[in-house]
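Presented below is the structure to which this report refers.
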Amino acid sequence: MTVHGRWSPLPPPGRLRTLALATLANTVGSGLWLAGAPLYLTRDVGLSAASVGLGLTLAGLLGLTAAVPLGGLADRRDPRTLRALLQLLQAAVAGAYLLVASFPAFLVVAVLDALLTAGNLAVRAALVAAVGGPEGRVQAFATLRAVANLGIALGAGLAGFALAADTHLAYQVLVVGNAITYLVSAALLMRLPGYPPRATPARATSGRARALRDLPFLAVSGASAVLALHATVLTLVVPLWTVSRTGAPPAVVSAVLLVNTSLTVLLAVRLARGSDTAVPAAAAMRRAGLVLAVAMLLYAATTGTPAGPATGLLLLATTVYTVGDLWHSSAGAGLAYGLAAPESIGAYQGVDGLLAGLARAVGPALLTWAVLDGGVAGWCALALLFALVGLLVPALTRRALAGGAGQAANGLPAPAHRAAARRRPTGRH
C-alpha cells in the first residue's frame, strides 16, 4: 500500500497507524531476540544447545494453555488495556533473562514468556477486530503482518551488531533492548481509545466454553492449523535441505528468507483483499493449499541440482510459497473472525491460536522426518496433504455456516450471526 506517495507497510494516520507502530516496536524486539537468543543462551549464559531446545519446546507447549483463557478475558475486558498490561509483564520477563544462570531458571523464565506470548496473540486478535471493525479487520490483520515482518527484519539486523561483538556486555544490551521494545509498544497502545467489552462476564465465560465445543469451527480451524505446518518448511526444512540435498551455496538460505520477508511486506495487504468474510476466505484458503502444494513440488525439484539451477528453483519456490503463505494467513484470519460469535471474538481467536500452536509444536519433528528422511517422496506427500486440506476447507466452512450437526449435538443453537459471514464483501476498505 502507499502512504503519501511512498511504498510503505504503514497505513495512513489513525488508529490502525497507532496499532501498526506498536506492532513495529514489539517486533523489532522479536527480531532482536529471535536472532540473538540462541547465542546469548549458549555462549553467554552457558547452557547447552540441547537444553535450550528442550526448554523452548516445553515452554512452547505449556504456553499454549494461556491462549483460550486470556482470549476469553479480552471479551470481558478492554483488549487495548489488557494487551498493554501483558506487554508490561513481558518486558519484565524479557529482562529476567539477565538473571538466568542455570537450566531450571531458564525454564521458569521461558515458560512465563511463552504463557504471556500465547495469551497476547489471542488478545491482539481481539484488539485488531475492535480497531478494524467487521469489514476492516482482515485488512488490518494483513497490514500488521507486513509491519511485523519489517520489524523482525530490522531487529534481526540490529542483533547482528551484538552477535558480531560476541561479548557479555553486547548480549546484555540485546536483552535490555528487547525488554524496552515491549515498554514502547505498551505506551503506543495506550494512545488508542478504550474498547468496552461487548459481552458481560457471564456471557464471555459461556462464549469460551462455546468456542471449545463448536465442532464445525474446530474443524475449519484445525484444517487451517494443518496448512500452518508450512511455516516450519521455510524456517527449518528448506535451510537444512538446501545445504544437504542441493548444490546451492549456504548463503542462498539468507536469500530465501529475504525474498519471503520482502514479498510479505509488499504483498500482504494486497493478497488479503476479498477475505473479509467466511465464504471468500474459504476460497482463498483453497487457493493457498493448492499454491503451497506447487511450492513443495518445486522444492522437491531441487534435489541434487547444481548451484545455479538449484538457486533459481529455490528462489522461485519461495516466491510461490510466499503467495500461498499470505493467502493462508489472511484467509485464516477471515475464517477465525467470520465464524466466531461477535461477543466471543477473543475466545474464538484463542482456540484458533491454540490449534495453530499445536501445529507449530509438532511441525519440526514431523517435517524433518517426512522430508529430510523421506526426500522427494516426503515433499510429494506434503504437497498432497496441503492440496487435499485446502480443497476440503470450503465444504467445512459451509457446514460451519449452516450451524452443523456438531452444534446441535452439543446443545448449541445455530449461530444466526454467521449469516453475515456468507456475504461477499462489497466496496473498498
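Quick look at the numbers
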{"quantity": "Accessible solvent surface per residue of the chain, calculated while the other protein chains remain in place, 1.4 angstrom probe, Å²", "calculated": "41"}
{"quantity": "Axial C-alpha extent at least 27 Å, average Kyte-Doolittle at least 1.0 - helices from the chain (DSSP)", "calculated": "103-165, 168-189, 252-272, 278-300, 345-367, 376-401"}
{"quantity": "Surface share of carbon and sulfur [accessible, 1.4 angstrom probe, percent] for region 311-362", "calculated": "76"}
{"quantity": "Dipole moment magnitude, nearest 20 debye, region 212-323 about Cα centre, only Lys, Arg, Asp, Glu C-beta charged", "calculated": "100"}
{"quantity": "Viscosity 0.692 mPa s, 37 °C: Kirkwood-radius Stokes-Einstein D of the chain over Cα pairs, µm²/s", "calculated": "149"}
{"quantity": "Of all accessible heavy-atom area on region 13-143, the percent that carbon and sulfur account for (1.4 Å)", "calculated": "71"}
{"quantity": "Within a Gaussian network of the chain (alpha carbon springs, distance under 10 Å), most fluctuating of SER185, SER244, SER329", "calculated": "SER244"}
{"quantity": "Separation between Cα centres of region 64-79 and region 272-341, rounded to whole Å", "calculated": "29"}
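The values are calculated or read from the model by the stated rules, or taken from the named source; none is laboratory data. This is a predicted model, so every value here is computed, not measured. For neighbour counting, all protein chains shown are included, and Cβ atoms are generated from backbone atoms with ideal geometry for every residue, glycine included. Note: areas computed on protein heavy atoms with side chains; ligands, DNA, RNA excluded. Shrake-Rupley method; radii C 1.70, N 1.55, O 1.52, S 1.80 Å.
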